[in-house]
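Worksheet: one structure, shown below.
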Amino acid sequence: MLDSHAWAPSLLALGAMLSLAALFGRETPLVRVFSALLCVFLSLRYIWWRFFHAMPEGQALWQQEWAWIFFIFESCATMSSIAVYLFMSRTRNRAPDADATRHSVLHRAPVDVFIATYNEGHAILERTIVGALAIEHPDLRVFVLDDGARDWVRDLAAELGALYVRRVKGRHAKAGNVNNGLHHALSIGRRPDFLLLLDADFVPNRKILMRTLGLFEDARIGIVQTPQHFFNPDPIQSNLLCAAVWPDEQRFFFNSLLASKDAWGAAFCCGTSAVFRVAALEACGGMAIETVTEDMLTTFKMEEYGYRTIFLNEPLSLGLAPEGIREYVSQRARWCLGAMQQIYTRWSFAGPARLRLINRLSSLDTVFYWSFTYAFKLMMITAPLVYWWTGTAVISSDVADLVTWLAPMVLCSAAFMAIYAENRVLPVMTDVTQLLCAFAVTRTVVTALVRPFGHPFKVTAKGLSSERITVQWNFFLPFSGLAMLTLFGMLRNISPYSPLYESAGYATNMFWSLFNIATLMLAAAVSIELPRKRAEERFASNERARVVLEGGSVLGCSVADISLGGARLVAEMTSWSETISSGTLLLGRRALCLPFRVVRRAGEGVAIRFDLDAGERRALIVHLFTGAYRSEMPAVDVGGVFGVLFRVLFA
């Protein structure tokens, strides 16, 4: 039976963290620092115990080698987590700085908007161009930088009033496209002082320049990065049907980690929705072309010329998250490739470039993250499986020792992330997220270490739709196969006649295997892509509106949800008449007139489909995508998340 004293370290550490947060406030700087350092201490304490007291002995040579490889990757992955705790011991909110500079003369400075496009469809590109042209600024030019040499893109830009720049067989992908656009913009008309860079699927908020330009009063600022927010669910949210309770995977990075890195002076450019000082871009030779992650490397190149990147954590753009598993994984593999390629440039963490120590440490942390976190996730999945089928142990411990040494680290880490990352990092869900990409990222790391350059650049496809369930077999089969092998391994050793039965590590591997099976089953479930029938994503709304009916009568209503294609309306004073089949929705202070027809009735509500001409559609784009509408949940519903996971596993 487990000794109650084994829980003492966990209760002491967790109690200290939670008590200080409750007594002095979680955002008190010293409380935050103490909590981060406590997590660091407990992580180092665990690694010390693993090395000196929990390494298996007496196995065959190959078994001992596997155990030591596992420990090395475990230690390196833990060091990556320690770096996160240290960065998150501080945070920086630049909203007050943006407020203080709202009357800056820089708000009248000439600005160019660059929309980099390659293979995006008409609807996606139209939405972004319309949003860019609606930005509130007195001296603005919008350039569509077409790397696909498409005549319809040229015609669309001309129709909307944007400038068009074409490249034919251009080099260096997006970076080369942006550099070509900058050369063109500097050669015609007035000179821009600042540049807003947008991916073709990101629509800017109309106030994005009002919030960012004043921050450039500090002459050292070269880039102001704003977070990437999305108006559609990513594949994990979509396929697990958890978008109402769990955020997209990048929320931890943008809402928590990057703001902390900014506090240390280690924020970096993430591409879209960033504002650049043109003089800084010119000084460093334009966007970096040395790696496939040109955005992050541009921050390091600017560093040599005395320019810094800062982060304004405000939702100032809306974009499309990858809609399919393949696209989701491919995007992260490309980020991994760029980080590994940077090792071979002069801006490496150990390179000769003139970089501040904090940026070198941040770069090293990035390399550790991609190199060890995902590979170790695969090792975590396979270690119990290897144990059941070969008797090979990677840890020598009973449950009591794990509770004494591992539990304090795990529990305090979970509490720290609950408090300072607002539950955006959760056990199981975060494991599934990492596992989905683990094979591709690990393969990319190995490939990049051997041959870092010369790989084809893959643009993440957007605007996908499907009317049927699609099983991504190259993901589903490995995950389900590993789950079955783990289960069969447990079953073949559950008998008292098994040589492993009740041996050292038996109980540990039993619990470990059950957790792995659940994680693998969830990853397999994400690999089953559900239909995406709607061409347009819907926003939840409670906006007041009016409906003008065919006879001229006006009916008050509220908008329950809305998209570019239609809406769901709820009458305020009376039910909808059965005779109502069409009308005009009057929306917003500008009284948008949106003709519609009724497609379905449900009690006091009706579902409508808009019949819009080009001008009405574009006015609705401005209303929905450049103002206050957002699709991000206000807070993570932890109970709801685990409720969803339970239904997926057992329903």
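The values are calculated or read from the model by the stated rules, or taken from the named source; none is laboratory data. Since the model is a prediction, treat every value here as computed from it, not as a measurement. For neighbour counting, all protein chains shown are included, and Cβ atoms are generated from backbone atoms with ideal geometry for every residue, glycine included. Only protein heavy atoms, including side chains, enter the accessible area calculation; ligands, DNA and RNA are left aside. Shrake-Rupley method; radii C 1.70, N 1.55, O 1.52, S 1.80 Å.
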Helix 614-625 vs. the chain, principal-axis angle (Cα, 0 to 90°, nearest 10): 40
Fraction of antiparallel bridges per DSSP, the chain only, in percent to nearest 5: 70
Under 18 Å from a point 7 Å along the Cα-to-Cβ line of Ser104: which residues of the stretch 311-345 have their amide N that close? 311-317
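Taking all protein chains together and a probe of 1.4 Å, list Trp389, Trp246 from the most accessible to the least accessible. Working shown, then result.
Details: Trp389 110, Trp246 15 Å².
Correct descending sequence by accessible area is Trp389, Trp246.
Stretched out fully, how many nm does the piece from Val638 to Glu550 gain, at 0.36 nm a residue minus the Cα gap?
On the way: separation 88, 0.36 × 88 = 31.68 nm, distance 4.71 nm.
Taking Val638 through Glu550 to full extension adds about 27.0 nm, to one decimal.
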Compute the label zone of Ile358 within the stretch 23-50: residues whose backbone N is under 18 Å from the point 7 Å along Cα-to-Cβ. 29-30, 32-34, 36-37
Solvent-accessible heavy-atom area per residue, rounded to whole Å², over the stretch 246-399 at 1.4 Å: 27
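For a protection proxy built on the mean count of beta-carbon atoms within 10 angstrom, sort 545-553, 442-450, 509-517 highest first, please. Intermediate results must be reported in sequence, preceding the final value.
On the way: 545-553: 13.8, 442-450: 16.6, 509-517: 18.4.
Averaged packing, sorted descending, gives the order 509-517, 442-450, 545-553.
Over the stretch 411-519, calculate the relative contact order: mean separation of alpha carbon pairs under 8 Å at least 6 apart, over the residue count, as a percent. Can you show the working numbers first?
Values: 28 pairs, mean separation 23.4, N = 109.
For the stretch 411-519, the relative contact order is 21 percent.
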For the pair Glu543 and Val471, how long in nm is the line joining their label points, each one 7 Å along Cα→Cβ? 4.2
Modelled label-to-label distance, Ser187 and Glu159, 7 Å Cα→beta-carbon offset: nm? 2.9
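With respect to the cross-link table entries Lys174/Lys261; Lys207/Lys261; Lys169/Lys377; Lys174/Lys301, which display a Cα-Cα separation exceeding 28 Å?
Values: Lys174/Lys261 25 Å; Lys207/Lys261 25 Å; Lys169/Lys377 40 Å; Lys174/Lys301 17 Å.
Over 28 Å Cα-Cα: Lys169/Lys377.
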Whenever you get a sec, compute what percent of the accessible area on the chain sits on carbon and sulfur atoms (1.4 Å probe). 61
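Shape verdict for the stretch 1-72, please, from the Cα gyration tensor: rounded (a/c under 1.5), prolate (a/b greater than b/c) or oblate. Could the numbers behind the result be given before it?
Values: a/c = 5.17, a/b = 2.15, b/c = 2.41.
Since a/c reaches 1.5 but b/c is at least a/b, the shape of the stretch 1-72 is classed as oblate.
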The chain: relative contact order from alpha carbon pairs under 8 Å, six or more residues apart, as a whole percent, is 16
Full-extension gain in nm, Val33 to Leu18, via 0.36 nm per residue minus C-alpha separation: 4.1 nm
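Quick check: from the Cα gyration tensor, does the stretch 1-127 come out rounded (a/c under 1.5), prolate or oblate?
Working: a/c = 3.52, a/b = 1.62, b/c = 2.17.
Verdict is oblate for the stretch 1-127.
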Within the stretch 44-143, report the GluC sites (Glu not before Pro) that DSSP leaves as loop and that have at most 12 other Cβ atoms within 10 Å. Glu57
Working out 0.36 nm times the residue gap between Ala602 and Tyr497, then minus their Cα-Cα distance, what length gain in nm do you get to one decimal? 31.6 nm
Quick one: check the C-alpha center-to-center distance for the stretch 304-367 versus the stretch 495-553, whole angstrom. 29
Using the reciprocal of the averaged 1/r over all distinct C-alpha pairs, how large is the Kirkwood radius of the chain in Å? 27.1
In degrees between 0 and 90, to the nearest 10, how far off the longest principal axis of the chain does helix 173-187 point, with axes built from Cα atoms? 40
Roughly how tilted is helix 151-160, in degrees to the nearest 10 and between 0 and 90, from the longest Cα axis of the chain? 60
Shape category assigned to the stretch 127-282 from the gyration tensor of Cα positions, a/c cut at 1.5: oblate
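Tally Lys/Arg at +1 and Asp/Glu at -1 over every other residue whose Cβ is under 11 Å from the Cβ of Asn205; what's the total? Kindly include the intermediate steps, with their values, before the conclusion.
Details: positive: Arg206, Lys207, Arg211, Arg630; negative: Glu136, Glu314.
Within the 11 Å Cβ shell, the charges total +2.
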